[in-house]
Amino acid sequence: MTTRALISSNWLLLFVPVAVGLNRFDAHPLVVFIASALAIVPLAKRIGDATEVLAALLGPAKGGMLSAALGNAPEIIIGLFALKKGLVDMVKASITGSLVGNLLFGMGIAMFAGGLRFPRLAYDTRVTRVHSDLLMLAMFGLIVPAVFHLSATSEREISLEIAMVLFLVYLASVIYTLHSESTSTDAPAPTDADQAGTEARETVPEPGSRSRNKAIGIVTVATAGLAVMSEILTDAIGPAAAGLHLTPLFAGIFLLALVGNAAELFAAVRFARANQLDVSIGMTVGASTQTALLVAPILVFAGFLLEQDMNLLFSTLELVAIVMSIAVIQRTANSGTATWLEGLVLIAVYLMLGFGFFYLPHHAA
């Protein structure tokens, strides 16, 4: 991490006590939301950085699994607090937003930023092929509940069963990646977790127990802070969205999801600017895969335990946005090279979807 990046990140940490103070003294919900959202960004980044250190110390196999598990902590924690407050529609919208945002905006801004510095960015298509297959599976998992729209009880049951299938496939994909890594003499297709471990090994020259204990401490403290900020954020987002005349659908897709993925988006741009688009793809497309196969099932399971009506029955407009995003990314991200213009196209698709959801009437949302 550069000194400049570290200073910027440390500065954002000032919003942690600011958000707590604003919430305590009942400040305007919009101000509280902005402060807590800004506070979550550096906390999520520190969890990611510390996880990379632990991944390097544990080795590729265990480190990869740890990175995959903790890398989704911000989204899961925010989702759990939102579910606890009964914001089911907003949680489902945040899942849609995470998928669409990472595939279109995340990939787009990384390609655009990297393409402005390098005429043509090259990457290994094996990365996108694996994730594309898994995203196609996830897409079917989201379409089935909408097609077989029966009673409320059936919706919950089929969502739980599909969530279990998606979760098991995710575990199988992790096992497959780790097995391929241990048995193949060729370099395996890197995942976002593998890339995180690689980056950690490059930035931690002398791993040891001291580094491990420090990383564990950072993860513990940052996760506790993230939990506090997530509770404040979910308290404020409803009134803030209403004050801005935004539907819960728009707020979930374009506000809540971006907060949970902000640290990954910044990192993806940084790697693309360093001509490491493979890492950026692992972070953005890989994050979408994990959202569909790990985060969504976990939130469905949590909704069942919290007695909230959390299911995988997404609206028609959300499904259209997800299908369009997967189709566009499969066409764009499988050529092996990228330019700033291709990145701009992805950003343009994201903005057009944003306009559509913004002008969607409240009763239609």
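The values are calculated or read from the model by the stated rules, or taken from the named source; none is laboratory data. All figures in this text were calculated on a predicted structure; none of them were measured in a lab. Counting neighbours? That spans all protein chains shown, and the Cβs are built from the backbone with ideal geometry, glycine included.
Residues in the range 10-27 that are more than 27 Å from the chain's Cα centre (by Cα) and in contact (Cβ under 8 Å) with a residue 24 or more places away in the chain: 0 in all.
Could you name every one of the helices (runs of 4 or more DSSP H) located completely within the range 223-308 that has at least 1 residues being among the β-branched types (Val, Ile, Thr)? Write out each step before concluding.
Values: elements: 248-251, 257-273, 277-290, 296-305.
The helices (runs of 4 or more DSSP H) meeting that bar are 257-273, 277-290, 296-305.
Here residue 178 meets each of (1) surrounded by 13 or more Cβ atoms within 10 Å (Cβ to Cβ); (2) at pLDDT 80 or above; (3) aliphatic (A, V, I, L, M) with one exception, condition (2).
Within the range 283-295, the set of residues being under 11 Å from the mean Cα position of the chain (by Cα) and closer than 16 Å to residue 142 by Cβ comprises 288, 289, 290, 291, 292, 294, 295.
Consider the range 85-104. How many of its residues are basic (Lys, Arg) and at pLDDT below 90? If you could, list the steps in order and put the result at the bottom.
In the first step, residues of the range 85-104 are kept if they are basic (Lys, Arg); the result is 85, 92.
Next, only the ones that are at pLDDT below 90 stay: 85.
So the count comes out to 1.
Of the residues 101, 141, the single one that is of a type outside the set (Lys, Arg), within 26 Å of residue 45 (Cβ to Cβ), surrounded by 15 or more Cβ atoms within 10 Å (Cβ to Cβ) and touching a helix residue (DSSP H, G or I) at 6+ places or on another chain (Cβ under 6 Å) is 101. Please determine, by comparing only the residues of the range 309-327 that are part of a loop (DSSP other than H, G, I, E, B) and either of a type in the set (Val, Ile, Thr) or in contact with an Asp or Glu (Cβ under 6 Å, 6 or more places away or on another chain) (or both), which one is nearest to residue 140 (Cα to Cα). Looking at residues that are part of a loop (DSSP other than H, G, I, E, B) and either of a type in the set (Val, Ile, Thr) or in contact with an Asp or Glu (Cβ under 6 Å, 6 or more places away or on another chain) (or both), I get 313. No other residue among 356, 303 is out of contact with any Gly (no Cβ under 8 Å at 6 or more places or on another chain), surrounded by fewer than 17 Cβ atoms within 10 Å (Cβ to Cβ) and not aliphatic (A, V, I, L, M) apart from 356.
Only one of these is charged (D, E, K, R), without any contact (Cβ under 8 Å) to a residue 60 or more places away in the chain and over 21 Å from residue 39 (Cα atoms): 307, 318. Name it.
Working: 318 fails: without any contact (Cβ under 8 Å) to a residue 60 or more places away in the chain.
Being charged (D, E, K, R), without any contact (Cβ under 8 Å) to a residue 60 or more places away in the chain and over 21 Å from residue 39 (Cα atoms) holds for just one of 307, 318, which is 307.
Could you list all residues from the range 228-258 that are surrounded by fewer than 16 Cβ atoms within 10 Å (Cβ to Cβ) and either in contact with a His (Cβ under 6 Å, 6 or more places away or on another chain) or touching a residue at least 40 places away in the same chain (Cβ under 8 Å) (or both)?
239, 243, 244
Rundown of residues vs (1) at pLDDT below 65; (2) under 19 Å from residue 10 (Cβ atoms), yes/no style:
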site	(1), (2)
32	no, no
38	no, yes
42	no, yes
47	no, yes
50	no, yes
56	no, no
63	yes, no
70	no, no
